[in-house]
Amino acid sequence: MSGEKGILLYFALMMGMKGINIRRLFKWGAFTGACGMAIRSFLAAFGLLEDVAYIQYRRGFGEVFRRSLGGSHPNVLSSSYTILSIMVMYLVGRDDKRRVWKSSAWILFFALYPFIYSGSQTGILVIVGFICLNLFYLYRNKIGLPEKIVLVILFPILWFLSIIGPMIATDETVALVRKYDDTLGSRWEIARYYLYNNGFTLFGQRLSNPESSPYVSVDMSQLYLLLQLGLVAFVVVTILWFVLICDEVKNNNIGELLITFTMLIMGITDPFLYNLGFKNLAFVFMGRKLWEIIEKKSCRVPGALAFRRGDTLALQKKLSIPTSIFRKKRIFCNIQGKNAKLVSIAIVLFSFVTSVMVYVERPDARYILADHGPGEHAVEQYEDLIAGTYTEQEIDNIEKQGNIVLNYTDENEPMYIYYTSEESPVRGGYYAPNAAKVEKARFSASIFFLGIVVALLFRRLL
């Protein structure tokens, strides 16, 4: 068997969607997600929480550190913000156009923060694409025939890209794809490796991955579903996707349709759709649709087997959590109206000035000391890189000299040096001229974004 528990959680979620208000669910999801993500991100940005950091080439920046800000991987940071943004836009709705535009602007602005740390180009493109399509359909009342044709074509194309493409691709094909889209090309390369080393099963398997392999896992969700969870799970889940999309098109549910296809598109380069990451919002809509079908069928069943929606709603009301914290309350009665606005602006200006001063006054680092090698497989990619160990006193001296230390734990942990000058301060360092400059800019940006968050919270609580 596969050992994957994520799909079990998703099916449990669907079973638990009986009589659940999706807006209430997303409201609490967005609230807790935003709080958790903000706290974790700022703690990691200011060095109070360890995160994943490894160096990788990013177009336009050169070789810089990709950081997860407390998450398990930089891509997780990006996908988490995308999911949070989608829930927020679902709650904003489509009735108040001015509010939609304002919320879209804020989401795109705050998307810069996880992007400058994670370096996820795919992630920022998905957010921009979702927001643009949401704004486009804000002025359209129904899905037209051209869009329906596109959706009919797009659904199998996504499956083709994730499964059939890697199966029929040759080395030359993968090289050609990587030339134009390195993200998809690298996913195909990994997919071909796992397809070669693993067969298809009915009820799943633990994927074979030799120790010499440079690959960690399958990064394409649909292929992961097929290989890891088996043909039975793949067929069942594919049917669920198809039923959900048909229902959303039939009911002209544009908002949810955009969310559904955003999930599918993200699944091309990310495995989170069916694993324990538990971020696939489409299963919420699948659960609601499942219970709608059960309700229709149970209306024909007499007595105790009938679906009693009233009992469920009554229970939900008893167990509901008060949502008063989402309502605007004035807790500082002496600061209101224009004064409150001026105070918020002052906080933003102060954080901006502080961030600029920190960037100007902070000396340029000669090198970065980090606990991870370049990429996730330093030995295979950079054979000349040599790790060293450092005491806490040595780390303090390194930081006092203006250098940057990422994720130091103790004197037993191997650390690597990435130098910015033309000569390495130690034997076995790695030349990454832009890495320290980007880290310096990120630290200053964190101060500015923290100030904006504080100002927004201040305005919300007034």
### Query
Hey, what did segment 61-157 get for relative contact order, percent, Cα under 8 Å, at least 6 apart?
31
#### Entry: Net charge dipole size for the chain [Lys, Arg +1 and Asp, Glu -1 on Cβ; Debye, nearest 20]
3760
### Neighbour cut-off at most 13 other Cβ (10 Å), DSSP loop, chymotrypsin sites (Phe, Trp or Tyr not before Pro), segment 113-210
PHE200, PHE203
### Query
Dipole magnitude of segment 45-165 about its Cα centre, charges +1 at Lys/Arg Cβ and -1 at Asp/Glu Cβ only, in debye to the nearest 20?
480
#### Entry: segment 40-191 - accessible surface per residue (Å², probe 1.4 Å)
49
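Give me the percent of accessible area attributable to carbon and sulfur for segment 75-197, probe 1.4 angstrom.
Ligands and nucleic acids excluded, carbon and sulfur give 67 percent.
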### Mean Cβ count within 10 Å, highest first, over the residues of peptides 264-271, 91-98, 233-240
264-271, 233-240, 91-98
### Query
Where q = 0.14, 0.23, 0.25 Å⁻¹, what log10 of I(q)/I(0) comes from the Debye formula for segment 97-160, counting one point per Cα?
-0.58, -0.99, -1.03
### Query
What percent do you get for the relative contact order of the chain when only Cα pairs under 8 Å and 6+ apart count?
19
#### Entry: Options ILE417, LEU91, PHE443, ranked by Cα towards positive dipole end of the chain, top entry (Cβ charges)
LEU91
### (1) 24.8, 82; (2) 22.9, 73; (3) 22.2, 68, with the label sought being that of the calculated Rg and Dmax of the Cα atoms in Å
(1)
### Query
In the chain, which longest range has no GluC sites (Glu not before Pro) that are both DSSP loop (not H, G, I, E or B) and surrounded by at most 11 other Cβ atoms within 10 Å?
1-210
### Task
For the pairs LYS250/LYS289; LYS148/LYS289; LYS18/LYS297; LYS97/LYS279, note any where the Cα-Cα span goes beyond 22 Å.
LYS97/LYS279
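The values are calculated or read from the model by the stated rules, or taken from the named source; none is laboratory data. Every value quoted in this text rests on a predicted model; they were computed, and no experiment measured them. Positions of Cβ are backbone-derived with ideal geometry, glycine not excepted, and every protein chain shown enters the neighbour counts. Calculation scope for accessible area: heavy atoms of the full protein, side chains included, ligands and nucleic acids excluded. Shrake-Rupley method; radii C 1.70, N 1.55, O 1.52, S 1.80 Å.
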